[in-house]
Amino acid sequence: MTPTRFLRSPRPRWALAAAALSLVVGLTQCSSPPPPRFVTPTPATQVPEVKQTFSLTNADIDTLKKQAGTGSGAAAYRLALYYETVRHDDAEAKRWMKASAESGDIGGMYGYASYLKGSSDPDDRATARTWLEKVAATGDDVSKSVARRDLRELDAAAKTDN
């Protein structure tokens, strides 16, 4: 798959947006200083391929499932990204993204809403709206901006459906 085709494909786009959103939320919540601005890329600092980034061992999966089972939204979100990007299992990815959203993880809320907003089912789109409104109300500035944009897209799609 060519890079431009990958970016135009609807499924990976939400994954990239959700991952970026999660990264921004994580960076705003950590207290460590930001990395230096001008770093010359070396093999150690280059971005690894997606499968390397999201790969998990069986032990990692078991640990994350236990954590997600006790209410860890971050663990459920990590499982959702794994099933989406590595295993290409949309049903499992959606299940873990929903669990992440229900646990209060902003990335999970956005990711689950992204799954639902493309549905032809009006109930799914209404549920997507609910999750996007939660992100717009509780996220950081970037999260709020992205959620508001998606809410406008949902409104525009609803007008064209009528």
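The values are calculated or read from the model by the stated rules, or taken from the named source; none is laboratory data. None of these values were measured; they are calculated from a predicted model. Don't worry about glycine lacking a Cβ; one is built from the backbone with ideal geometry, like all the others, and counts go over all protein chains shown.
A compact table of results
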read-out	value
Failed item in (1) assigned to a helix (DSSP H, G or I); (2) surrounded by fewer than 18 Cβ atoms within 10 Å (Cβ to Cβ); (3) of a type in the set (Gly, Ala, Ser), with residue 76 passing the rest	(2)
One residue from 63, 57, 70, 130 being assigned by TED's automatic domain parsing to the domain that holds residue 161, surrounded by fewer than 19 Cβ atoms within 10 Å (Cβ to Cβ) and either over 27 Å from residue 154 (Cα atoms) or of a type in the set (Ser, Thr, Tyr) (or both)	130
Every residue from region 97-113 that is surrounded by 24 or more Cβ atoms within 10 Å (Cβ to Cβ) and either more than 11 Å from the chain's Cα centre (by Cα) or over 11 Å from residue 76 (Cβ atoms) (or both)	106, 109, 110, 113
Residue 44 vs. criteria assigned to a helix (DSSP H, G or I) and either modelled with pLDDT under 90 or small (Gly, Ala, Ser) (or both)	no
Considering residues of region 143-162 that are among the aliphatic types (A, V, I, L, M) and surrounded by 15 or more Cβ atoms within 10 Å (Cβ to Cβ) only, the residue nearest to residue 103 (Cα to Cα)	147
Checking residue 88 against (1) assigned to a helix (DSSP H, G or I); (2) more than 20 Å from residue 134 (Cβ to Cβ), the condition it does not meet	(1)
Residue count for region 91-138, restricted to those that are among the charged types (D, E, K, R) and more than 17 Å from residue 68 (Cα to Cα)	8
